[in-house]
Amino acid sequence: MSASSHQSTQVEKDVNLKPLNTFGLPCTAETLVRIHSDSDVRRLLDDPSLGAGPKWVLGGGSNVVLTQNIKACVLKVEVKGMRCVATRDDAWIIEIGAGESWHAAVQWSLAQGFPGLENMALIPGTVGAAPVQNIGAYGLELKDRFDSLDAVDLITGRSFTLNGEQCDFGYRYSVFKGPLAGKCVITRVRFKLPRPWQPVLGYHDLARKAQESGPVAVTADQIFEWVCDIRRSKLPDPSEIGNAGSFFKNPVVTEEQCKDIIGRDPEIVHYPMADGSFKLAAGWLIDACGWKGKSIGQAGVYEKQALVLVNRGGANGQEVVTLAKAIQESVYGRFGIRLEPEPVVI
Ligand SMILES: Cc1cc2nc3c(=O)[nH]c(=O)nc-3n(C[C@H](O)[C@H](O)[C@H](O)COP(=O)(O)OP(=O)(O)OC[C@H]3O[C@@H](n4cnc5c(N)ncnc54)[C@H](O)[C@@H]3O)c2cc1C
């Protein structure tokens, strides 16, 4: 890697992205620019050699599968800062820089006395990427705590603000995976943390922990600890085994489809949704097809949770994609359901 100062934009050349993606996949970025503010984006856009070319935004690299070297200029988001911007009767509003670690932001908000994000503790990645797929875990999604965000348009350099409705959040979806995909950089996110705080214990693992702890009132710190413990026992730590978390979205099917599958596979894990549809556990479908613990090349299916694909050491992005396609074909062949990958394949 070499670095040169391009006008006032600091450009790094031939950057090794292997340590910058949690799958640990080999990949080089021809050019990389670190973004610390909205004006850094505008400076880059004004740069005669980089401004007009393609760009790709990178956060913590925990939801990407890198299959080839990247020719587009990589914008590594490193906008910092965490502060409370309003204390209202009904909520605390906190604002976090997009380059902050998500887990550090959850810890900071709890330490400051602003609970509400604890169910989403220990999700890897940055705060700026969290709205992109509307992250969620243990009964809570980002949209449930979202206020607004600031972003910069990658063509015009104009800063703009979006509220929740404009972000069009859905299950692992937002406008940043639809019409705004690749078109802007999120630089700050504001969260609305309801007052008074109420625990969210609907998820079965958390409900069980609460039951085991007896009649004492549950605190946000306690939920944070439980979520961290449960996650550590179920998910591989990317610093030890490369992975991108859940590799496929849980498919949503109609009641008729669900009944049809239950008729053939009575044990299928399924959850009723508010709109009458059913969410099926993708991990269960993959396991039922016999994939748990299997590998293609150095890419494998995690032994403890079939929804997680892992790098057994030295895997490349193509091997991960080949494994994912083979799994999709088996699941389609047996259940007639198309699994959709959660990470972004580049
Ligand atoms: C072990 C493990 C467990 C996980 N558990 C969960 C979980 O429980 N729930 C869940 O929802 N996810 C989970 N994930 C997935 C991942 O952590 C989240 O999707 C996270 O939000 C990705 O953040 P990132 O900064 O690493 O994004 P990256 O992987 O760097 O980027 C992901 C996408 O977002 C875009 N992007 C990133 N930053 C910005 C920005 N500032 N502006 C515009 N676009 C941007 C990128 O271009 C890319 O398309 C898990 C991953 C791992 C490895």
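The values are calculated or read from the model by the stated rules, or taken from the named source; none is laboratory data. Source: prediction; values computed, not measured. A quick note on method: Cβ atoms are made from the backbone with ideal geometry, for glycine too, and the neighbour counts reach across all protein chains shown. Ligands, DNA and RNA are excluded from the accessible area calculation, which covers all protein heavy atoms including side chains. Shrake-Rupley method; radii C 1.70, N 1.55, O 1.52, S 1.80 Å.
Computed values, structure above
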| quantity | calculated |
| --- | --- |
| Sites matching chymotrypsin sites (Phe, Trp or Tyr not before Pro) across the range 106-150 that sit in DSSP coil, with at most 10 neighbouring C-beta atoms within 10 Å | none |
| Sequence-separation-based contact order of the range 163-317, relative, with Cα cut under 8 Å and 6+ spacing, percent | 17 |
| Separation of the Gln198 and Glu225 label points, Cα + 7 Å toward Cβ, nm | 2.5 |
| Rel. contact order, % - alpha carbon contacts under 8 angstrom, at least six apart, the chain | 16 |
| Relative contact order (%) - the range 147-240, alpha-carbon pairs under 8 angstrom, separation at least six | 24 |
| Gyration tensor (alpha-carbon) shape descriptor, the range 15-58, a/c threshold 1.5 | prolate |
| Local electrostatic count, Arg338, Cβ distance below 11 Å [Lys/Arg +1, Asp/Glu -1] | -1 |
| Residue-count net charge about Ile223 - beta-carbon cut-off 10 Å; Lys, Arg +1, Asp, Glu -1 | -2 |
| Per residue accessible area in Å² of the range 27-81, where ligands, DNA and RNA are left out and the probe is 1.4 Å | 40 |
| Rounded to the nearest 20 debye, dipole of the chain from Cβ charges on Lys, Arg, Asp, Glu | 440 |
| Net length gained if the chain between Gln10 and Tyr173 were fully extended (0.36 nm per residue, minus Cα distance) | 55.4 nm |
| Average accessible area per residue (Å²) across the range 190-297 - probe 1.4 Å, nucleic acids and ligands excluded | 55 |
| Zone of Gln298's modelled label, taken as backbone nitrogen in the range 226-264 under 15 Å from a point 7 Å along Cα→Cβ | 240-243 |
| Anisotropy class of the chain from Cα gyration tensor, a/c 1.5 cut | oblate |
| Whether the range 25-106 is rounded, prolate or oblate, judged on the alpha carbon gyration tensor where a/c under 1.5 counts as rounded | oblate |
| Residue-averaged [θ]222 nm for the chain, counting only DSSP H segments that reach four residues, each worth -39500 (n - 2.57) | -7000 deg cm²/dmol |
| Label-point separation in nm, Thr87 to Lys71, each point 7 Å along Cα→Cβ | 5.4 |
| Proximal charge balance of Thr22 [Cβ under 15 Å; K/R count +1, D/E count -1] | +1 |
| Set of lysines near Lys192 by C-alpha distance (under 25 Å), chain-local residues within fewer than 8 positions excluded | Lys80, Lys143, Lys177 |
| Protein accessible area in the range 45-97, 1.4 Å probe - carbon and sulfur % | 48 |
| Of the GluC sites (Glu not before Pro) in the range 194-275, those whose Cβ has at most 11 other Cβ within 10 Å and which sit in DSSP loop | Glu240, Glu267 |
